[in-house]
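The structure under discussion appears below in the form of structure tokens.
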């Protein structure tokens, strides 16, 4: 792994089936909207040795026409939405702040859990995204220190605490940096 | 140390050791090992129906079409 700067990483790892699934999905999404991958997959991408069934992703609020274009293209590429087939219903769910999940047709695992950004914290996550260039394409993930703070102070499960530890050790992130994001989370009512 | 705490400590120690392994080996090398775990987990994952999966995730608000 080569950390070019705070916003760019080159990862020369061999890709696994989950990585290929994610790359296939984001190659479609990125043609229409910015996105950011958050939570567990961020630590898996850099080597955390645990499994997962879903990959969380934020996109900004988009209009229905654009959503329908994305959905059509995803279906053409062999994805289906697990929650519903109807595009109106799926779009309504997103607008209500719910997640919708996409998997390969007739499967449910693995799946991409997509949400609209809903507040300043989600917006900031998207704005501060990092580019990770892999052997088969680019992925945008959340800022590492932000991710650690979120896992350590908001999510709090054993799995999340361990993900946070992994990322902190992996990237040698200082407590000062993590606390900066803890303060931001607190200022915006997340802790 | 109580058993849950010991277990937690062992898990955290393993994470630190694994990070050290990653840092001291090439991306190609560590990822081969990690991929065995992830690929086998995906291969053996039980493919629920949509309804079963959403129920499991407690997201079954509306019946799937």
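Values for this structure:
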| item | result |
| --- | --- |
| Rg over Rh, two decimals, the stretch A:1-134 (C-alpha only, Kirkwood Rh) | 0.95 |
| Between helix B:3-23 and chain B: long-axis angle, C-alpha atoms, 0 to 90°, nearest 10 | 70 |
| Estimated FRET transfer efficiency (residue A:187, residue A:6; beta-carbon r; R0 30 Å; 0.05) | 0.90 |
| Gyration tensor (alpha-carbon) shape descriptor, the stretch A:107-191, a/c threshold 1.5 | rounded |
| Square roots of five times the Cα gyration tensor eigenvalues for the stretch B:3-61, Å | 32, 20, 9 |
| Nearest 10 degrees, 0 to 90: helix A:17-29 Cα axis against chain A principal axis | 70 |
| Residue B:9-residue A:66 pseudo-label distance in nm [points 7 Å out on the Cα-to-Cβ vector] | 5.2 |
| Peptide B:30-40, shielding by other chains (average Cβ, 10 Å cutoff) | 6 |
| Residue-averaged [θ]222 nm for the protein assembly as shown, counting only DSSP H segments that reach four residues, each worth -39500 (n - 2.57) | -15500 deg cm²/dmol |
| Rg over Rh [alpha-carbon atoms, Kirkwood Rh] for the protein assembly as shown | 0.96 |
| Neighbouring partner chain Cβ atoms per residue of A:17-30, average, 10 Å criterion | 1 |
| Convex hull of Cα atoms in the stretch A:82-149, direction-averaged projection (nm²) | 6.1 |
| Protection proxy ranking, peptides A:157-170, B:1-14, A:20-33, average beta carbon neighbours within 10 Å, highest first | A:157-170, A:20-33, B:1-14 |
| Over chain A, relative contact order from alpha-carbon pairs under 8 Å, at least 6 apart, % | 24 |
| Least to most buried among A:123, B:53 (fewest other Cβ within 10 Å first) | A:123, B:53 |
| Degrees between helix A:175-187 axis and first principal axis of chain A (Cα, 0 to 90, nearest 10) | 50 |
| Beta bridge orientation in the protein assembly as shown: antiparallel %, DSSP, nearest 5 | 65 |
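FYI, it's all coordinate maths here, none of it is from the lab. Fair warning: this is a prediction, and the values are worked out from it, not measured in the lab. When we count neighbours, we look across all protein chains shown, and the Cβ atoms used for this are built from the backbone with ideal geometry, even at glycine.
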